[in-house]
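In what follows, a structure is listed as structure tokens, so that the remarks can point back to it.
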Amino acid sequence: MTTAVDTARMTRIKEIVCDILELEEDEVTETSLFSEDHDADSLRAIEILASLEKAFGVVIDQAELTRMVNLAGVYQVVTESIEAK
């Protein structure tokens, strides 16, 4: 079940990702791949990770970048990081 907190978090994550990738929010789906579909490079991935850490006050191991290939993966990693705090 999705709560208001989850929805707000998902919205904020999508805003951050779209801002860094310089895309409109309607261009990015939960499953569109950052590198393959949106031409994001590894530097953008690191920038996304750092921005998420700052926005949510969490530490995300760079090894998690392998899971952060689309919005669904990012939501999962951020949620796990918040719950582990």
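The values are calculated or read from the model by the stated rules, or taken from the named source; none is laboratory data. Since the model is a prediction, treat every value here as computed from it, not as a measurement. So basically every Cβ, Gly included, is an ideal-geometry build from the backbone, and we count neighbours across all protein chains shown.
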More than 21 Å from Asp6 (Cβ to Cβ), in contact with a helix residue (DSSP H, G or I) (Cβ under 6 Å, 6 or more places away or on another chain), surrounded by 12 or more Cβ atoms within 10 Å (Cβ to Cβ) and without any contact (Cβ under 8 Å) to a residue 60 or more places away in the chain - does that describe any residue in segment 68-78?
-> no
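Residue by residue, here is whether (1) at pLDDT below 95; (2) within 14 Å of the chain's Cα centre (by Cα) holds:
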residue	(1), (2)
Ala4	yes, no
Arg12	no, yes
Glu15	no, yes
Cys18	no, yes
Leu23	no, yes
Asp26	no, no
Ser32	no, yes
Arg44	no, yes
Glu47	no, yes
Tally time: how many residues in segment 56-77 are part of a helix (DSSP H, G or I) and within 15 Å of Thr29 (Cβ to Cβ)?
-> 5
Going through segment 1-32 in order, the residues found to be assigned to a loop (DSSP other than H, G, I, E, B) and within 15 Å of Gln76 (Cβ to Cβ) are Thr2, Glu30, Thr31
Residues of segment 27-64 being surrounded by 10 or more Cβ atoms within 10 Å (Cβ to Cβ), more than 21 Å from Ala84 (Cβ to Cβ) and either touching a Gly at 6+ places or on another chain (Cβ under 6 Å) or hydroxyl-bearing (Ser, Thr, Tyr) (or both), which ones?
-> Thr29, Thr31, Ser32, Ser35
Among the residues of segment 49-67, write down those that are touching a residue at least 24 places away in the same chain (Cβ under 8 Å) and of a type in the set (Val, Ile, Thr).
-> Val58
Mind checking which pairs have a first residue in segment 16-29 that is more than 11 Å from Ala45 (Cα to Cα) and a second that is among the acidic types (Asp, Glu), Cβ under 7 Å, 6 or more apart or different chains?
-> Cys18/Glu24; Cys18/Glu25
